[in-house]
1. So for the stretch 134-148 (the condition being touching a strand residue (DSSP E or B) at 6+ places or on another chain (Cβ under 9 Å), over 21 Å from residue 180 (Cβ atoms), at pLDDT 95 or above and open to solvent by 10 Å² or more (accessible area, probe 1.4 Å)), does at least one residue qualify?
2. Select from the stretch 145-165 the residues that are without any contact (Cβ under 8 Å) to a residue 40 or more places away in the chain and not in a loop (DSSP other than H, G, I, E, B) and list them in ascending order.
3. Go through the residues of the stretch 273-281 one by one and say whether even a single one is open to solvent by 30 Å² or more (accessible area, probe 1.4 Å) and under 25 Å from residue 186 (Cβ atoms).
4. Answer yes or no: is there a residue in the stretch 220-230 that is open to solvent by less than 10 Å² (accessible area, probe 1.4 Å) and closer than 24 Å to residue 21 by Cβ.
5. Could you pull out the residue among 47, 51, 64 that is surrounded by 13 or more Cβ atoms within 10 Å (Cβ to Cβ) and of a type outside the set (Lys, Arg)?
6. State which residue pairs qualify: first residue under 10 Å from residue 178 (Cα atoms) and inside the stretch 109-121, second residue open to solvent by less than 10 Å² (accessible area, probe 1.4 Å) and among the hydroxyl-bearing types (Ser, Thr, Tyr) in any location, beta carbons under 6 Å apart, and separation of 6 or more residues or different chains.
7. Kindly provide the set of residues from the stretch 289-309 that are open to solvent by 20 Å² or more (accessible area, probe 1.4 Å) and either in contact with a Pro (Cβ under 8 Å, 6 or more places away or on another chain) or assigned to a loop (DSSP other than H, G, I, E, B) (or both), ordered by number.
8. Please tell me if residue 168 is assigned to a strand (DSSP E or B), surrounded by fewer than 18 Cβ atoms within 10 Å (Cβ to Cβ) and touching a residue at least 60 places away in the same chain (Cβ under 8 Å).
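The values are calculated or read from the model by the stated rules, or taken from the named source; none is laboratory data. On a predicted model such as this, the values are computed, not experimentally measured, just so you know. Positions of Cβ are generated from backbone atoms using ideal geometry, with glycine treated the same way; all protein chains shown enter the neighbour counts. For the accessible areas, the whole protein counts, side chains as well, though only heavy atoms, and no ligand, DNA or RNA atoms are used. Shrake-Rupley method; radii C 1.70, N 1.55, O 1.52, S 1.80 Å.
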Amino acid sequence: MRFRNMDGSGPHDLGAVFRWAFVDRVSGKRAPDRRQFTTPRVANDGAGLRANTHDAAVCWVGHATWVMQLCGVNLVVDPIWAKAIGGVVKRLSEPGVALGDLPRIDVVLVTHNHRDHMDAPSLRHLATTTGMPIAIVPLGLIPAMKALGYTRVVELGWWESTTVGSVKVTLVPSQHWSRRGLNDTNETLWGGFVVEGGGKRVYHSGDTAYFNGFSEIARRVGAPDVALLPIGAYEPEWFMRRQHMNPEDALRAGLDMDARRILAMHWGTYQLTDEWLGEPPEKLLVLAGKDPQVLERTRVVPLGHVELL
């Protein structure tokens, strides 16, 4: 393995993966909650995004996919419009904005190479039909992105930055791992992004467990105006806690960063783990509601929602 987390940890060993994926399910110890849930959404035909040339804004497409707009630069983070992850895990809610309704995309950001964050069909479409964007990715992903049609690819290590127009993009640590095939575990880096422009700062965590790095990110890069934080895919806890956050973790992370606003993501799109799809936002708002000031900063936005910064 080439890369490890800040604390030196890597992913679960294959024995733990086998127990989670097969043994516990066959033995009945895992009981995924498959109750139906409709993720809230607002109508968004992309017209407002296409017309926006100056306002700072973010729009939730679904899962960890966001459109960001700063200083007239349009970015997409972790794009996945697929009806199923790898043709297997079915999408349960339509994207907040259709792929064909996007504005010109200048930058594509990929936090890591897992298939629900680095979706090949979506990336191929963006490479050729939305403005020939530049791709900014963690170390090791240039070959994969070039194979998907990107001619301009910038790799970053943790704490490294690049600029596109008036926008600065910094890769920051996360507590996760990478794998695309059978024998490439942690051969490429993973992380989150801090995107800055026009006096506004947006943080997208990528996939991450809770770790001590959140306060360090804020100290080194600055507290974000908006922190886009994952709240879903956390059960069973014994297996998921080392790689994903639950709502309590996400809220704690946002407060560690002193984020002005905390927006939830990574829920309500794909059933990846055992909790009910509607549980993460309910838990997040209950926890935030214990302190009116925290609740005011915490938002569960519908699909297609555009948040002005």
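1. So far as the stretch 134-148 goes, yes, one or more of its residues are touching a strand residue (DSSP E or B) at 6+ places or on another chain (Cβ under 9 Å), over 21 Å from residue 180 (Cβ atoms), at pLDDT 95 or above and open to solvent by 10 Å² or more (accessible area, probe 1.4 Å).
2. Taking the stretch 145-165 first, the residues without any contact (Cβ under 8 Å) to a residue 40 or more places away in the chain are 145-149, 151-158, 160-163.
Of everything in the stretch 145-165, those that are without any contact (Cβ under 8 Å) to a residue 40 or more places away in the chain and not in a loop (DSSP other than H, G, I, E, B) turn out to be 145, 146, 147, 153, 154, 155, 156, 161, 162, 163.
3. Step one: list which residues in the stretch 273-281 are open to solvent by 30 Å² or more (accessible area, probe 1.4 Å), which gives 276, 279.
Those still in the list that are under 25 Å from residue 186 (Cβ atoms) too: none.
Scanning the stretch 273-281, I find no residue that is open to solvent by 30 Å² or more (accessible area, probe 1.4 Å) and under 25 Å from residue 186 (Cβ atoms), so the answer is no.
4. Let us first name the residues in the stretch 220-230 that are open to solvent by less than 10 Å² (accessible area, probe 1.4 Å), namely 224, 226-230.
With the extra rule that they be closer than 24 Å to residue 21 by Cβ, the set shrinks to 230.
Yes: the stretch 220-230 contains one or more residues that are open to solvent by less than 10 Å² (accessible area, probe 1.4 Å) and closer than 24 Å to residue 21 by Cβ.
5. 64
6. Listed by first residue and then by second, the contacts come to 112/178; 113/178.
7. 289, 290, 291, 300, 302, 305, 309
8. No, not satisfied.
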